[in-house]
2 protein chains.
Amino acid sequence: MIESTVAPFSFEEVALATRNRGMPLEALRYDITPTGLHYLLVHFDIPYIEPADWRLRVGGNVDHPQTLTLSEVMALPARTETVTMECAGNGRARMSPRSFSQPWLLEAVGTAEWTGTSLRNVLDAAGVRDDSIEIVFTGADHGAQEDVEHDYARSLPLAETARDDVLLAWEMNGRPLEPQHGAPLRLLVPGWYGMTSVKWLTRLDAVTRPFDGYQQSRAYRFQRDDDDPGEPLSRMRVRALMIPPGFPDFPERRRTLAAGTTILRGRAWCGTAPVAKVEVGIDGVWHDAELRPGAGRYAWSEWQLTWEATPGEHVLSCRGTDADGCTQPDVAPWNVQGMANNLVQEVVVSVTG
Amino acid sequence: MIESTVAPFSFEEVALATRNRGMPLEALRYDITPTGLHYLLVHFDIPYIEPADWRLRVGGNVDHPQTLTLSEVMALPARTETVTMECAGNGRARMSPRSFSQPWLLEAVGTAEWTGTSLRNVLDAAGVRDDSIEIVFTGADHGAQEDVEHDYARSLPLAETARDDVLLAWEMNGRPLEPQHGAPLRLLVPGWYGMTSVKWLTRLDAVTRPFDGYQQSRAYRFQRDDDDPGEPLSRMRVRALMIPPGFPDFPERRRTLAAGTTILRGRAWCGTAPVAKVEVGIDGVWHDAELRPGAGRYAWSEWQLTWEATPGEHVLSCRGTDADGCTQPDVAPWNVQGMANNLVQEVVVSVTG
């Protein structure tokens, strides 16, 4: 087991893991993750916003600055997208050494039906000027990282903001956003890691120079070492996950399974290119799984493989390959911040005769 | 800070903290906890149940054994109760030494509006015989603890099962239960720690001898040492919690606050007796907070205290006292399993001038 070598954890890491929440892997069975099971990562505190008092300010390098109420945003043409979202830090706690942050193992993922209006409907009304290169998205969540006090903010290149499926979303799974998911309005950028989809939006600003806020210029970068400014993260790497078969014990969560025919199941997704293949490893031998396309380009695909489980201890694994030929690695792709670690999942199961 | 001395944690504890979820303390501002922010503790895997296939079997020492469909249960008279629920293990990670289990700090709590029918409507129809002493509640969640394989099951003394407010609940906050909260039907025992409110109910059985299942006879007991069989847990001890004021940094979550008038706010609850008093400690000096009754006997009460915050570092705390005169302790009430630790919360805040 890779995981059992990665310890110990600090009090502060456990405090983060208690606030934030992963999706228990048995929830991979749902096409749409029940709202309360969707992963959640909140940097600072969940802000409290009265929808009636809330305004979205659209400004910066635009011809017609706007101040919109929630009703005004919700009066724009609505669309719904089924989107799998993953935290950029998923897998951090499976790196060694790991950086001090939320200690994700595998569970920082979920799929939801998001309803909103295309971002470009709002940007078009504001008249983004031609010399703009990015839109900066600012949320109401306020705090400090490395002594830099700021409202959480991220930018997106102008080309991405023109996509029809990039939403200003007010509903998740058919209901108004719960506070922790960005109420009353959040950004939703299908295919990108979750840090991009800014929650609790308060401002959109067109800019003519690359945004250098903390969450853009310092956080969410692939750094080789502390002195390396690093490359920014963007789209999700390919990843397959498996529902651990059998039943667990508590608190260790070792798995036990009765011998016989077992259908191994899970999901796979990728932001950079469609998922092309999922393989399941049985004691180190790879088998192609059956793959069922997801509900849209950025929704996860379901996979399954029938396994004749024989008594004894077995190591199961799964790995995805995308249409560009990228396959999940069997060695963690290390970087300073512990980002985008799509190391293959392993599940050890004791099969009883 | 009490907490920072309690480390390190194992990989397995972090894996549990990632699956289970606390309520971020800023959510103490809501009378009703948004569903996705309610605490959650699942021993084994969340079972998958098709409501149409589900049946509730009522048997054991009864005159008229029953097999009920969900529609039949939902046709019984409905009532809604606003109930604060807390995990018996809340505070475990603030004990030293602590037992190996879910490493809760303070956040294992939430308040919801639960809708269902009084348990006794179902028991009366089954005709529980007079020599019965307990009802055993069995869930669909299956696993092993200490090599004892079992479906999660707990019992309740007959007197408690006769309470009108003990529910078989099918709705939480006005919507069908999400899977992780016990869909399609769960028990809800206001005032008791959460382990009592068995999720994913499949069976109710009247018994004439004390139930000796693992979760009753071994787990959830106040043990002095491993050889002590211990006393069983039942109702929640008094506890007050505070919304940490100011803003946090990430990932350390230290608090910063601007000097001036600050309203400190939080909630308090108790299962054994009503909350009679909440005090707020400012650098070790206790002040009586203003207390607003909750939405029913077993819903948390809101409290607040106005504080003139002066520059410098301050230690804030809060403690509840119940109508029986029990007050939260300033030393953790240790026991082997790390149960019911209602040690006073402390929040350190740096006030800037």
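The values are calculated or read from the model by the stated rules, or taken from the named source; none is laboratory data. Just so we're clear, the structure is a prediction, and the values are computed from it rather than from any experiment. When we count neighbours, we look across all protein chains shown, and the Cβ atoms used for this are built from the backbone with ideal geometry, even at glycine.
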Could you tell me whether B:T256 is away from chain A (no Cβ under 14 Å) and among the polar types (S, T, N, Q)?
no
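B:A268: among the aliphatic types (A, V, I, L, M), away from every other protein chain (no Cβ under 14 Å) and not in a strand (DSSP E or B), yes or no? Please lay out each step first, then the result.
Working: among the aliphatic types (A, V, I, L, M): yes; away from every other protein chain (no Cβ under 14 Å): yes; not in a strand (DSSP E or B): no.
Taking the combined requirement at face value, the residue does not satisfy it.
Report whether or not A:G338 is of a type outside the set (S, T, N, Q), farther than 19 Å from A:P190 by Cα and touching a helix residue (DSSP H, G or I) at 6+ places or on another chain (Cβ under 7 Å). Let's see the steps before the verdict.
Numbers: of a type outside the set (S, T, N, Q): yes; farther than 19 Å from A:P190 by Cα: yes; touching a helix residue (DSSP H, G or I) at 6+ places or on another chain (Cβ under 7 Å): yes.
For A:G338, the condition - of a type outside the set (S, T, N, Q), farther than 19 Å from A:P190 by Cα and touching a helix residue (DSSP H, G or I) at 6+ places or on another chain (Cβ under 7 Å) - is met.
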Only one of A:D124, A:D164, A:D141, A:D130 is closer than 28 Å to A:T35 by Cβ and more than 14 Å from chain B (Cβ to nearest Cβ), namely A:D164
Given (1) in contact with a Gly (Cβ under 9 Å, 6 or more places away or on another chain); (2) within 14 Å of chain B (Cβ to nearest Cβ); (3) on the phi > 0 side of the Ramachandran plot, where does A:N173 come up short, assuming only one miss?
(1)
Looking at B:W300, B:W286, which is the one that is touching a residue at least 60 places away in the same chain (Cβ under 8 Å) and under 16 Å from B:M242 (Cβ atoms)?
B:W300
Looking at (1) at pLDDT 95 or above; (2) farther than 17 Å from B:D165 by Cβ, which is the one condition that is false for B:T84?
(2)
Residues in the range B:142-156: is at least one part of a loop (DSSP other than H, G, I, E, B), free of Cβ contacts under 8 Å to residues at least 40 places away in the same chain, crowded, with 23+ Cβ neighbours inside 10 Å and out of contact with any helix residue (DSSP H, G or I) (no Cβ under 6 Å at 6 or more places or on another chain)?
no
Would you pick out the residues in the range A:28-43 that are within 8 Å of chain B (Cβ to nearest Cβ) and buried (at least 21 other Cβ atoms within 10 Å of the Cβ)?
A:P34, A:T35, A:G36, A:L37, A:H38, A:L40, A:V42, A:H43
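Looking for whichever is of a type outside the set (A, V, I, L, M, F, W, C), more than 12 Å from B:R319 (Cα to Cα) and either at pLDDT 95 or above or assigned by TED's automatic domain parsing to the domain that holds B:A332 (or both) here; the options are B:R239, B:R235. Which one fits?
Working: B:R239 fails: more than 12 Å from B:R319 (Cα to Cα).
Result of the check over B:R239, B:R235: B:R235.
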Index of the failed condition, B:T84 passing every other in (1) facing chain A (nearest Cβ under 7 Å); (2) hydroxyl-bearing (S, T, Y); (3) closer than 30 Å to B:V128 by Cα:
(1)
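Regarding A:R120, is this residue modelled with pLDDT of 95 or more, on the phi < 0 side of the Ramachandran plot and surrounded by fewer than 21 Cβ atoms within 10 Å (Cβ to Cβ)? Before the answer, list the steps.
Working: modelled with pLDDT of 95 or more: yes; on the phi < 0 side of the Ramachandran plot: yes; surrounded by fewer than 21 Cβ atoms within 10 Å (Cβ to Cβ): yes.
Taking the combined requirement at face value, the residue satisfies it.
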From B:D205, B:D225, B:D212, residue being surrounded by fewer than 18 Cβ atoms within 10 Å (Cβ to Cβ), touching a residue at least 40 places away in the same chain (Cβ under 8 Å) and charged (D, E, K, R)
B:D225
Just to be sure before I move on: is B:R21 within 29 Å of B:S317 (Cβ to Cβ), within 7 Å of chain A (Cβ to nearest Cβ) and buried (at least 22 other Cβ atoms within 10 Å of the Cβ) in the structure I sent?
yes
Counting only residues in the range A:87-117 that are aromatic (F, W, Y) and within 26 Å of A:N335 (Cβ to Cβ), the one modelled with the lowest pLDDT is identified as A:F100
Checking the structure you have, find out if any residue of the range A:90-112 is in contact (Cβ under 8 Å) with a residue 12 or more places away in the chain and away from every other protein chain (no Cβ under 14 Å).
yes
